[in-house]
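J.: What follows is a single structure, and I will ask about it in a moment.
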Amino acid sequence: HNFMPGLRQVLEAELPDVQDALGRAGACRFDLLNPLPPVFTDRAPRPIDDKLWTLTARRPVGEWVFADVAQREPRVTVRRGVAVAGFLAGTSAAAGVPHVAGVRTSDGEEIRADLVIDATGRQSRSPQWLASIGARRPYEEQEDCGFTYYTRFFSGTIPQRRASALMPIGSISLLTLPGDNDTWSVTIFTATGDQPLKTLRHDDQWTRVIRACPLHAHWLDGRPDTPVLAMSGIADRYRRFVVDGAPIVTGFVAVADAWACTNPSAGRGLTVGFLHALRLREALRVSGGDPLALVEDFDRRTEAEITPWYRAQIAVDRARFSEMGAIREGREPTPPDNELARRIVSLMSLIPADPDLFRAALEYIGTITPVQQILERPEVAQRMAAAREAMKGKPRPPLPGPNREQLLQLVAQT
């Protein structure tokens, strides 16, 4: 579980006890800038470098740390094993707009609340519960992200990185992440419809593909702690609870994955969730106890400051999915249709020419600054233009792994 530099900065400012507890639990320091690619002759440090590191841990360890700190917080009551079955309706704060006044548990208990916050993640059932008290449906966009993941966990001496944590290699991508207490994971992800690659769920085929990737083969030099674990059916989903300019409900808000969720390979979900929670705190502080003002202000802050993370991830994922499809079909990939995707892909393609563009990309990857803001910086635009000119006519670097034909041979072997 990559907590991203953006989350580390939130924890240092807001929850230093969580940061300390992660360290005590054996979380690994992960520096996005190290190693600096050898292509850069200018290796002088930059002011942003100190921001580009974080901690990583396996999900059970990370979740235990957060849960343990919450359990020991005297202002928080944690009740485990209690399932919410629906919302309680209260007196409307605005004409024609239902108001949530609490929740009803599966055993019939009623828990009253000034505000109900849905942080139940991807499986949130809040739209159904809102409908049951007469609320309109939220605006929703949803589709399968289109990717399947094949992951194996290892332990031993954590390997040194020789490539970016997430690297596209033709019609597959590789994700390598250090964890806590000398553990790490290696993931191959593919397009879900790529039938020949479904054999990657088998240990032998999966291992052969990793060994054929020269920058990643050494990540196999440990003790396998699991077989290959497959995951698919991950939805991209975005919900908005202000529809046609008016809130559909008061007394209720959704945060993090209960609001919007994407392909998890980018590792930003937890960080974006915490950034979203901070915007909710800001909205609570200025709403003056007005339920309608709270919902409207939180929606404005969400759309302006959090939704850009979702839009950028969707744009990049669709562009990558299209590229993988072209490679699979033997076609030359074409530039993305989406303008934001084109600009992000352009930035990523130019980073070998400029160490400052490399850091700008890491600022986005590390969930510190939305890429839309980074791309609007005049100095970034100037550097991209210069890098584009410097790289003009230069041959494309060789693929750091098997091409499509070689890949099919590797996964076909028994």
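The values are calculated or read from the model by the stated rules, or taken from the named source; none is laboratory data. Everything quoted here is computed from the prediction, not taken from an experiment. Note: ideal-geometry Cβ built from the backbone for every residue, glycine included; neighbour counts use all protein chains shown. Heads up: the accessible areas ignore ligands, DNA and RNA and are worked out on the full protein's heavy atoms, side chains in. Shrake-Rupley method; radii C 1.70, N 1.55, O 1.52, S 1.80 Å.
J.: Which residues, taken from the range 332-352, are of a type in the set (A, V, I, L, M, F, W, C), within 28 Å of PHE30 (Cα to Cα) and open to solvent by less than 50 Å² (accessible area, probe 1.4 Å)?
T.: Matches in the range 332-352: ALA341, ILE344, LEU347, LEU350, ILE351.
J.: Now a separate question. Any residue at all in the range 70-90 that is of a type outside the set (S, T, N, Q) and in contact with a Cys (Cβ under 9 Å, 6 or more places away or on another chain)?
T.: Within the range 70-90 (the criterion being of a type outside the set (S, T, N, Q) and in contact with a Cys (Cβ under 9 Å, 6 or more places away or on another chain)), the answer is no, since none of the residues qualifies.
J.: For the range 142-166, name all the residues that are at pLDDT below 95, under 20 Å from the mean Cα position of the chain (by Cα) and either within 22 Å of VAL65 (Cβ to Cβ) or of a type outside the set (S, T, N, Q) (or both).
T.: The answer is GLU143, ASP144, CYS145, GLY146, PHE147, ALA163, ALA165, LEU166.
J.: Limited to the range 117-138, what total is found for residues that are of a type outside the set (Gly, Ala, Ser) and open to solvent by less than 20 Å² (accessible area, probe 1.4 Å)?
T.: 4
J.: Go through ARG301, ARG281 for me and flag whichever is under 30 Å from ARG342 (Cβ atoms) and either open to solvent by less than 40 Å² (accessible area, probe 1.4 Å) or modelled with pLDDT of 95 or more (or both).
T.: On the way: ARG281 fails: under 30 Å from ARG342 (Cβ atoms).
That would be ARG301, the only listed residue that is under 30 Å from ARG342 (Cβ atoms) and either open to solvent by less than 40 Å² (accessible area, probe 1.4 Å) or modelled with pLDDT of 95 or more (or both).
J.: Which condition number does THR157 fail, the rest of (1) within 22 Å of THR226 (Cα to Cα); (2) open to solvent by less than 70 Å² (accessible area, probe 1.4 Å); (3) assigned to a loop (DSSP other than H, G, I, E, B) being met?
T.: In the conditions (1) within 22 Å of THR226 (Cα to Cα); (2) open to solvent by less than 70 Å² (accessible area, probe 1.4 Å); (3) assigned to a loop (DSSP other than H, G, I, E, B), THR157 misses (2) alone.
J.: So which residues in the range 386-414 are of a type in the set (Gly, Ala, Ser), assigned to a loop (DSSP other than H, G, I, E, B) and exposed (fewer than 13 other Cβ atoms within 10 Å of the Cβ), if there are any at all?
T.: GLY393
J.: Follow-up question, since we're still on this one. Restricting attention to the range 87-116, which residues are within 27 Å of GLY245 (Cβ to Cβ) and either of a type in the set (S, T, N, Q) or in contact with a helix residue (DSSP H, G or I) (Cβ under 7 Å, 6 or more places away or on another chain) (or both)?
T.: PHE87, THR91, SER92, ALA93, ALA94, HIS99
One line per residue, one yes/no per condition, for (1) in contact with a Lys or Arg (Cβ under 6 Å, 6 or more places away or on another chain); (2) of a type in the set (Ser, Thr, Tyr); (3) buried (at least 18 other Cβ atoms within 10 Å of the Cβ):
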residue: LEU175; (1), (2), (3): no, no, yes
residue: THR187; (1), (2), (3): no, yes, yes
residue: GLY193; (1), (2), (3): no, no, no
residue: LEU197; (1), (2), (3): no, no, yes
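J.: Ok, one more. Here are the criteria: (1) within 30 Å of PRO178 (Cβ to Cβ); (2) at pLDDT 95 or above; (3) out of contact with any strand residue (DSSP E or B) (no Cβ under 9 Å at 6 or more places or on another chain). Tell me which single one ALA119 does not satisfy.
T.: Going through (1) within 30 Å of PRO178 (Cβ to Cβ); (2) at pLDDT 95 or above; (3) out of contact with any strand residue (DSSP E or B) (no Cβ under 9 Å at 6 or more places or on another chain) one by one, ALA119 breaks only (3).
J.: State whether the residues of the range 393-400 include one that is within 23 Å of GLY267 (Cα to Cα) and within 23 Å of the chain's Cα centre (by Cα).
T.: No; the residues of the range 393-400 include none that is within 23 Å of GLY267 (Cα to Cα) and within 23 Å of the chain's Cα centre (by Cα).
J.: All but one of (1) within 21 Å of the chain's Cα centre (by Cα); (2) farther than 22 Å from SER164 by Cβ hold for ASP337; state the number of the condition that does not hold.
T.: (1)
J.: Additional query: Check the range 364-376 and report whether any residue there is open to solvent by 70 Å² or more (accessible area, probe 1.4 Å), without any contact (Cβ under 8 Å) to a residue 24 or more places away in the chain, outside any helix (DSSP H, G or I) and farther than 29 Å from PRO264 by Cβ.
T.: No, the conditions are met nowhere in the range 364-376.
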